[in-house]
Amino acid sequence: MADHWDTEERGLTLADANRDIMRPIMVSSWRYWTLLAFVFALVVWGCIAWAWQIDQGLGVAGYSHPVMWAVYITSFVFWVGIAHSGTLISAILYLFRSGWRTTINRASEAMTIFAVMTAGLFPLIHLGRTWYFYWLIPYPSERFIWPNFKSPLVWDVFAVGTYFTISLLFWYTGMIPDLAAIRDRLRGWKSKVYGLFSVGWQGTVREWSHYRRAYLYMAAIATPLVLSVHSVVSWDFAMGIVPGWHSTIFAPYFVAGAIFSGMAMVITILVPMRWAFGLEDYITDYHLDNMSKLILLTSLIVAYSYAAEYFITYYSADPTEQASLFFRAHGSFQGPFWVMTFCNVIVPATLWFKKVRRSASAAFVVSIFVNIGMFYERYVIIVSSLAHEYEPYSWGFYRPSWVEISIIVGSFAWFFFWFLLFTKALPTISIAEVKEHLAHQGAHEHG
Amino acid sequence: MADAANVSGVLAHYESIDGTRRAIETLREAGFDDLEVFSPVMCPELEEALGIYSSPVRRWALIGGITGFTTANLLTIGTSLAYPLIGQGKPIISWPPFIVIMFELTILYTGLFAMFSWMVHAHRPKLKLSPAYRAVFSVDRWGIFVPVDARDRDRALEKVRETEAVEVEA
C-alpha cells in the first residue's frame, strides 16, 4: 500500500479531476432524492417537536431541578466540537503544507459550516422564548443596556459567530475557482448561477496572486480561532463553581476532544461519500490512515485529560469534587460514563493497528463509536455535574423527554440534510487543489 | 491555428506550467510586458515570471486586524463606561474577559478585510468575462494573451510560435 497519494500510478490527469469531482453535480439518482426526502422528514419531525415546546413551554423538556442544562447544551457543545476539524484540516494543515489535506478539506469545511449551523440552533431552542435571542447581540437598545461582556455566554456569541463567519469565508474563497470550473462546464441558467457565485473568476495569475495571499492570511487567522472557540465554550463551564466543571484543564481538554470528535465525523461522512460517488482515487486509504492517526493522537490526549482530571480531583482532597467524580462513575449516570470511557479510550486504541487505519469499514465503525462517546462525554460533564452539586438539595436526576429526543434526531437530520444538498450542488473535493497537486507533480497529460 | 475574431491580440494555449513560464519569459524578453496569463491552478512560479512579488492584501489584513481590535475596545470599554454597573464583583473595566472579545473581533475583521481586499484588487465581482478567456483554462490548459494592435501582431505571433504553445489564436 502506498505511503503517499499515488496519483501517477492511478494515471490521474487534470481533466480527470474535473470530470470525476463534478460527476455528482452532473448526474442524479433516485437513491439520492429518496435519502434526502427521508432526512427532510426527520427535520420536519424535529421542527414539530420544537414548535410544541415553544407552544407549551420548556416544561415539556425533561428539565427538572437541579438539571436545567441538559441535552440541548450537550448538543450545542457536541456540534461546536464537530465543527473543529474542518478548520483544522483546511487551515492548520494548509499552513503546515500537508498535501494529504487536499482531497478532504472541502467536505470537512462544509461539515464545519453545517455543524456550526446545527450548534447555533441549540441555544435558541434552550432559551425557550427563542424570539429574545437578539438580547445577546450588542446593539444600542432604547434603554442603553448592553450585553454583559464579562459573561462567558456573551463570549460564546462572539466566538461562535466569528468562527462561523471566518469558516464560511474560508470555505467560499476556496471554492471560487471550482465554481468557475463548473460554470464553464455547464450551459444555460445553471451556468449563470455558478457564474454569479464564482464572481467572474478567470484564473488570471494576478487574480491568483491576490487570492493566494488572502487564503494564506485567512488560514493563519483561522488557526488560533480553532483553538479559541472550544476554549471559550469550555469556559461556559469552567467559569462556574459547579463541582466537575471548575477546572483549569478544561480549555485544552475541550479542544483536544473537539478535534477528536471532528476527525471522527469527517471519517463518518467521507467513507460513505467516497463509496457513493466513486471517489476512491481521490480519498484513498492513505488519507484514511492519516485521519485515523490524528484520531489516535487526540484520543490519547483525551485519555490523558480524563486521567489528569481524576488525579487532580483525588489530589485536591476536595470532598465535593471527589463526590462528583464518584457519582459520575458509580451514580445514576454511570452508564453514560462508562460508554464514554469505552468509546473514547478503548475503541480508538484499535487504530494502533495499520490494518484498522487503512480499512474504510473499520475506520468508519471506530468513527461511529467516537461520535457516540463524545456525545456522551458532553452529556456526562453537563448533566452528571449538575445532578450532584454541593448539597443534597441540589442532587437530582434527569431523563430526556420525547420532545428533546425528537429535536436531537431532527438536528442530526438537519446536519445531514445540508450535507446532502452540498454533495449535489457543490464539488465535494477541491478541484483546483487536486489539479494543483497533479500539475506540480508533472502528472498532467493532455486531456 | 484557430480563428478568434473576438481576440484583439494573440492568445496561446499551453499544457504545462513550465511551458507557460518559459513562454512568459520569452515574451517579456521581447518587450511584451502587458501579458494576461490564465491558469487552472495556483502557480507562484508564474507570478514570479510576471514580476508579481507582493499583494496589498496583507496591508488590508493588518488594517482589518487593527480596526477589529479598536472596535472591540470601544465596544467593551465604551459600553461599560456608558452604563457603569458592577457585575460579578469585577471592576467596571475588566480586562481579562474583554480580551476574549478583542481577540474575536480582531480575527473577524482581519478575515473580512482580507476577503474583500483580494476581490477589490482582483477587480471582482465581474459579470462579463474577458474575451480572451476560454473554458479550457479552468480545466487543463494555461493561456497567455498578448494584447497587441495590428502593427505588432506579426512580431507577437512570431515570438509565440517560438514557445511551446499547443494552440494559437490571433
* Structure fact -> So A:Tyr393 and A:Asp3, fully extended at 0.36 nm per residue minus their Cα-Cα distance, gain in nm 134.5 nm
* Using label points projected 7 Å from each Cα along Cα→Cβ, tell me how many nm separate B:Asp152 and A:Met68, to one decimal. => 7.5
* Structure fact -> At q = 0.05, 0.10, 0.12 1/Å the base-10 log of I(q)/I(0) from the Debye formula over the alpha-carbon atoms of the protein assembly as shown is -0.26, -0.95, -1.26
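Going by C-beta contacts inside 10 Å, put A:Trp146, A:Trp33 in order with the fewest on the left.
The most exposed by this proxy come first: A:Trp33, A:Trp146.
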* Mind giving me the FRET efficiency for B:Ile99 and A:Gln334? R0 is 56 Å, r the Cβ-Cβ distance, nearest 0.05 is fine. => 0.90
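Can you give the calculated 222 nm mean residue ellipticity of chain A, where each DSSP H run of n ≥ 4 adds -39,500 (n - 2.57) and the sum is split over every residue, rounded to the nearest 500 deg cm²/dmol?
Value at 222 nm, helices only, nearest 500: -22500 deg cm²/dmol.
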* To do: Output the DSSP H helices from chain B with an along-axis C-alpha extent of no less than 20 Å and a mean Kyte-Doolittle hydropathy no less than 0.0.
  => B:57-73, B:95-121
* Cut-off 17 Å (backbone N to label point 7 Å along Cα→Cβ of A:Gln56), residues of the stretch A:397-441 -> A:399-410
* Structure fact -> Taking B:His123, A:His330, A:His126 and counting other beta carbon atoms within 10 angstrom, the fewest-first order is A:His330, B:His123, A:His126
* Relative to the present Cα-Cα distance, how much length would full extension add between A:Phe326 and A:Phe96 at 0.36 nm per residue of separation? -> 78.6 nm
* To do: On a C-alpha basis, how far is the centre of the stretch A:197-228 from the centre of the stretch A:371-447 in Å? Whole number, if you could?
  => 26
* So if we plug the beta-carbon distance of B:Ser8 and A:Ser28 into 1/(1 + (r/R0)^6) with R0 = 45 Å, what FRET efficiency do we get, rounded to 0.05? -> 0.60
* Per-residue average of Cβ from other chains inside 10 Å of B:95-106 -> 5
* Structure fact -> Any residue on another chain or 5+ positions along whose placed amide H is under 5 Å from the amide H of A:Thr204 is listed here as B:Ser39
* Contour minus end-to-end for A:Ala37 and A:Ile346, with contour as 0.36 nm per residue of separation and end-to-end as the Cα-Cα distance? -> 107.6 nm
* Structure fact -> Expected integer from the mean partner chain Cβ neighbour count at 10 Å over A:13-24 is 2
* Asked: By per-residue mean of other Cβ atoms within 10 Å, what is the highest-first order of A:277-284, A:295-302?
  -> A:295-302, A:277-284
* **Lys, Arg +1 and Asp, Glu -1 on Cβ, resulting dipole of chain A about Cα centre, debye, nearest 20** => 940
* **Reduced Cα scattering model of the stretch B:57-121, Debye log10 I(q)/I(0), q = 0.19, 0.22, 0.26, 0.29 Å⁻¹** => -0.68, -0.81, -0.97, -1.10
* To do: Return the sequence-ordered ³J(HN,Hα) values of the stretch A:286-301 in whole Hz as given by the Karplus equation 6.51 cos²θ - 1.76 cosθ + 1.60 applied to θ = phi - 60°, using x for Gly and Pro.
  => 4, 5, 4, 4, 5, 4, 5, 5, 5, 4, 4, 4, 5, 4, 5, 5
* Asked: Long-range amide H contacts for B:Ser16: which residues qualify at under 5 Å (H placed 1.01 Å from N, peptide plane, sequence gap of 5 or more or a different chain)?
  -> B:Trp142
* Structure fact -> Counting other chain Cβ atoms within 10 Å of each Cβ in B:74-84 and taking the mean gives 3
* **Normalised contact order of the stretch B:57-121, rounded percent, pairs of Cα under 8 Å and 6 or more residues apart** => 60
* Using +1 on the beta carbon of Lys and Arg, -1 on that of Asp and Glu, and nothing else charged, what's the dipole of the stretch A:155-232 about the Cα centre, debye to 20? -> 420
* In what sequence do A:Val205, A:Val365, A:Val154 fall when counting other Cβ within 10 Å, fewest first? -> A:Val365, A:Val154, A:Val205
* **Distance between the stretch A:24-41 and the stretch B:65-119 - C-alpha centres, whole angstrom** => 44
* Mind putting a number on the dipole of the stretch A:308-413 about its Cα centre? Charges go on the C-beta only, +1 for Lys and Arg and -1 for Asp and Glu, and I need it in Debye to the nearest 20. => 820
* Mean separation of Cα pairs under 8 Å and 6+ residues apart, divided by the residue count of the stretch A:174-217: what relative contact order is that in percent? -> 38
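Just so you know, all these numbers are worked out from the coordinates, no wet-lab data involved. What you see is a predicted model, and the numbers here were worked out from it, not measured in a lab. Backbone-built Cβ (ideal geometry, glycine too); neighbour counts: all protein chains shown.
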